[in-house]
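Each reported figure results from applying straightforward, stated rules to the coordinates on display, with no laboratory input. Bear in mind the structure is a predicted one, so any value in this text is a computation, not a measurement. Note that each Cβ is placed from the backbone with ideal geometry, even for glycine, and that neighbours are counted across all protein chains shown.
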Amino acid sequence: MTTDPAPLAGLRVADFTWVWAGPFCTLQLAHLGAEVIRVETATRICVTRLLPPYPRDVAPGPNRSGYFNQYNQGKQSITLDLKRPEAVAVARRLCAASDVVVENFAAGVMDRMGLGYDVLRALRSDIVMISLSGYGATGPDRDKVSYGPAQVPLSGLSSVTGYRGWPPMHVGISYGDPTGGLHGAVAVLAALLHRSRSGEGQYIDLSQWESSMTVLPDAIISWTMNGVAPPRDGNRDADMAPHGVFRAAGDDRWVAIAIEDDAAWARFARCLGQPELAADARFATLVARKRHEDELEDLVAAWTRARSPEETTALLQDAGIAAFTAATNRDVAEDPHLDARGFFVELPHPEVGVRRHIGVPWRMSASDCRVRRAAPCLGADTERVLAEVCRYTDAEIAELRARQILA
Amino acid sequence: MASALDGLRVLEVGELVSAPYATKLLADLGADVVKIEPPAGDRARRRGPFPGGMPHPEKSGLFLYLNTNKRGIVLDLTTPAGHAALERLAERADLLVHNVHPRDMAASGLDYERLSARNPRLVVTSIAPFGLSGPHAGWRGTDVVTWSAGGVAALNGVPGEPDLPPLKTFGDQSGFQAALTAAVGSLGALLARIKRGRGEHVEVSTQECVATILELTFEYWPYTQLVASRLGQKPIQPLCFMECRDGWIFLCAIEEHQWERFVEIMGNPEWAGLELFTNRLARGANFDALQAFLQEWCRDQSVQELYEAAQRRRIPFAPVSTMGDLVASPHLRARGFFVTVDHPVAGTVTMPGAPYKLAATPWLLRRPAPCLGQHTAEVLAEAGLP
């Protein structure tokens, strides 16, 4: 049924990003059909190409990391040694032929390379450029250095996440990266809509610190309103009980359950085989359940421990109760529902073969949104892009190659 | 100055975080967003924080944040009159975003074919915990459930503490991820409409949005058949929380040059020269010993001084910011990050502002969140409804 072109078909993105935040931003644009051209270098290989997982049956190598291959699907790759002025000239030609430029170097790096917004705008007046940096392009901390994992504590998320009475916790992933990357994609798309009506491009300054704080308003406003931050309270919720992740039968198996209101509690009590709990004074109302929450959780855990998380999930969902296994990476990869929805992508890759990857997290009824090709090998598209996009002759490309500009 | 989405007409039938944050992103960039609430109001109105902890439907900090720059109307979408009004409004709209559960969509008048027949240019974006198709489409999910179903909860825990359960992150993070993805999909469909002239139906599964952010862990299964565990130690260190005399800091010195400079900051202690700590992999393998030495030293430090000292040497440490630290940050103040909204009932509320700065079409605060039904008469009159 998806017969129409993709939303961004015909749109070109010059992608100077690396690690995760920037690549996650341009992944969305690739999903939407943009031609995304990664500018990389063999002299300083993207961090994610050098991180595991590598396939068990193949030797490690920069084209074989599952991390890189997940978040760079649908993109192309060229190599340019941007420390060389001749390479910067090539990059400028690429930008001049692009609608969007995305970068996530430390603040000011693009300017120093001669690829700042003012330079690019002079080459192409309606260009949309976004910088995703840790602290933003302005302000007294703009030159501070930031790694993805550090954004979680910096944003305040760690101070309110954790088990009761335990230290601050992380998220388990570098959460500021996808949050920043998605916000970046929203900003680029909005700027493109503006450009479609006005002809005007623009520069977008995204601070990962700031985009990470926009997703914890309840904690921040609790402070600005009342001068108190929410305490670290494990998996509990002020407005739902029981609410948590409970031990299930099996080796380190767990199931998440949320009882959204008193009616759900009554249904849950029937699932437990103890319908009388619905009217029990200790548990009948949310206020009562919150007051007796330790006791309540013991009761839930005694029941969940006796069955697999999948069995608990099926029983509770049949009763209209929110529940699901605390899925491992294996559970997600083998989730029959996700499979039935066509969520996974299995495209041939020249070095790792066909592997399961995560696909596009939305569906469109008319536009053709999908992963169009596996992640690129380092520099795989250099010749084609230089010839077809940047309009260099074969002789010029050979010359650039010989002088190691295309490294 | 113009806004990026000036003139874009958006309807929202949303509760709590996902649909409301998706349309807030658009409203803050200039879209005319009309929020449709049931007579009892968005459930976010009943979640805090509230001033003094006293619940009040017009004073929820979460609601006030998620609904700035929108107008608000009340329609009872369980009635034929409500459906008729929704259809009339949808005839004039560019985009409708909702997070009504799939089981309740038809009864709420949210049928894409029907709305599209009345307005072929309309884009409709549906957000559901498990999407609109597939064997689990009718299943229910709040944040702890979808965060677990997408696989992130299972990654968060304490090595050596198998009795601590997989830990959810603070707040409705699945809702925010679904909102961001819904905004991306919606804007994509609006861009596609420029050439095609027709809208379409965009569908977002919260579970999928969470599975999309598993970083390097998802591929461990297809690439190596290994199950990622919250109980595993990090392979490289230091990348850890430490308690200082006045708060917590996050140590991040995983490159060798960063570690060497951190050792200098610590005054080159003898233990740092032990073979146990000779490189980042060794420091990961011997983290128990490393942690004890680091904790002993950090206990006497000040968070801010250590953070600044590390940053001067290009080591990416970060404070474990408290809410108070954020609001007091000179950097965030210089950038104008926090904004103060003046609301007719709740008074002034300071909240997070722009997640990005668009130079030509700035993020702009134009109006506070609507009181329940504040714009019902105005919006219905614009649509020619009584």
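To the nearest 0.05, what FRET efficiency results for B:A383 and A:R291 with a Förster distance of 41 Å applied to their C-beta separation?
0.30
For A:L123, A:L386, which order do you get if you count the other beta carbons within 10 Å of each Cβ and list the fewest first? If you can, show how the numbers build up before the last one.
On the way: A:L123 14, A:L386 23.
Lowest count first: A:L123, A:L386.
What does the charge add up to near A:V345, with Lys and Arg as +1, Asp and Glu as -1, over the other residues with Cβ less than 13 Å from its Cβ? Working shown, then result.
Working: positive: A:R341, A:R355, A:R356, A:R370, A:R372, A:R373; negative: A:D339, A:E346, B:E208, B:E219.
Local net charge: +2.
Measuring from label point to label point, each 7 Å out along Cα→Cβ, what is the B:K234 to A:E310 span in nm?
3.4 nm
Give, in nm to one decimal, the length gained when the segment between A:V119 and A:R282 is fully stretched (0.36 nm per residue of separation minus the Cα-Cα distance).
51.8 nm is the gain from fully extending A:V119 to A:R282.
Is there a simple number for the mean count of other chain Cβ atoms within 10 Å of the Cβ of residues in B:43-52, and what is it?
Neighbouring Cβ atoms belonging to other protein chains average 4 per residue here.
Listing B:R9, A:R270, B:R230 from the residue with the fewest other Cβ atoms within 10 Å to the one with the most, what is the order?
Going from least to most buried by this count: A:R270, B:R9, B:R230.
Using helices alone, what [θ] at 222 nm do you get for chain B, with -39,500 (n - 2.57) per DSSP H run of 4 or more residues, divided over all residues and rounded to the nearest 500?
-10000 deg cm²/dmol
Apply 1/(1 + (r/R0)^6) to the Cβ-Cβ distance of B:E113 and A:R270, taking R0 = 25 Å, and write down the FRET efficiency to the nearest 0.05.
That gives a FRET efficiency of 0.10.
What spacing in nm lies between the two simple spin-label points modelled at A:A402 and B:T340, each 7 Å away from Cα in the Cβ direction?
That separation, rounded to one decimal, is 6.8 nm.
Report the antiparallel proportion of the DSSP beta bridges in chain A as a percent, rounded to a multiple of 5.
Here the share of antiparallel DSSP bridges comes out near 35 percent.
Using the Karplus curve 6.51 cos²θ - 1.76 cosθ + 1.60 with θ = phi - 60°, work out ³J(HN,Hα) for each residue of the stretch B:262-271 in order, rounded to whole Hz, and write x for Gly and Pro.
Each residue's phi maps through the Karplus curve to give 5, 4, 4, 4, 6, x, 6, x, 4, 4 Hz.
So if each residue of separation counts as 0.36 nm, and I subtract the Cα-Cα distance between B:D288 and B:A2, what length gain in nm does that give?
97.3 nm
For peptide A:247-256, how many partner chain Cβ atoms fall within 10 Å of a residue's Cβ, on average?
That average works out to 4.
Helix A:293-304 versus the longest principal axis of chain A: what angle, 0 to 90°, nearest 10, using Cα atoms?
Taking the Cα atoms of chain A, the angle to A:293-304 is about 80 degrees.
GNM on chain B, C-alpha springs below 10 Å: top fluctuator among B:N119, B:N279, B:N156?
Comparing B:N119, B:N279, B:N156 in a Gaussian network model of chain B, the most mobile one is B:N279.
Considering only the other residues whose Cβ falls under 11 Å of the Cβ of A:E200, what net charge follows from Lys and Arg at +1 and Asp and Glu at -1?
Local net charge: +2.
Setting aside same-chain residues fewer than 8 positions from A:K144, which aspartates and glutamates have a Cα under 15 Å from its Cα?
Correct list for A:K144: A:E210, B:E305, B:E308.
Run the quick spin-label model on B:E256 and A:D339: label points 7 Å from Cα toward the beta carbon, then report their separation in nm to one decimal.
Going from the B:E256 label point to the A:D339 one covers 4.5 nm.
Which semi-axis lengths, in whole Å and largest first, follow from the square roots of five times the eigenvalues of the Cα gyration tensor of the stretch B:49-165?
So the equivalent ellipsoid measures 34, 23, 12 Å along its semi-axes.
Exposure proxy check: B:I249, A:I259 ranked by fewest other beta carbons within 10 Å?
Numbers: B:I249 24, A:I259 28.
With the sparsest Cβ surroundings first, the list reads B:I249, A:I259.
If I take R0 = 60 Å and measure r between the Cβ atoms of A:D262 and A:A89 in this structure, what FRET efficiency does the formula 1/(1 + (r/R0)^6) give, to the nearest 0.05?
Values: r = 69 Å, r/R0 = 1.14.
Using R0 = 60 Å, I get an efficiency of 0.30.
Most fluctuating residue of A:Q208, A:Q76, A:Q317 in a GNM of chain A with Cα springs under 10 Å: which is it?
A:Q317
Could you list which residues have their amide H under 5 Å from that of A:V360, counting only those 5 or more apart in sequence or on another chain, with H placed in the peptide plane?
Long-range HN contacts for A:V360: A:V371.
Using helices alone, what [θ] at 222 nm do you get for chain A, with -39,500 (n - 2.57) per DSSP H run of 4 or more residues, divided over all residues and rounded to the nearest 500?
Mean residue ellipticity, 222 nm, calculated: -10000 deg cm²/dmol.
Please give the average number of partner chain Cβ atoms lying within 10 Å of the Cβ of each residue in A:133-146, rounded to a whole number.
For peptide A:133-146, the averaged partner shielding equals 5.
So who's got an amide H within less than 5 Å of the one on B:V339, skipping anything under 5 residues away but keeping other chains? H placed 1.01 Å off N, in plane.
B:M351, B:G353
Using the Cα gyration tensor of the protein assembly as shown, with a ≥ b ≥ c the square roots of its eigenvalues, what is the shape: rounded (a/c below 1.5), prolate (a/b larger than b/c) or oblate (neither)?
The shape class here is rounded.
Subtract the Cα-Cα distance of A:R384 and A:D298 from 0.36 nm times their separation in residues, and report this length gain in nm to one decimal.
24.7 nm
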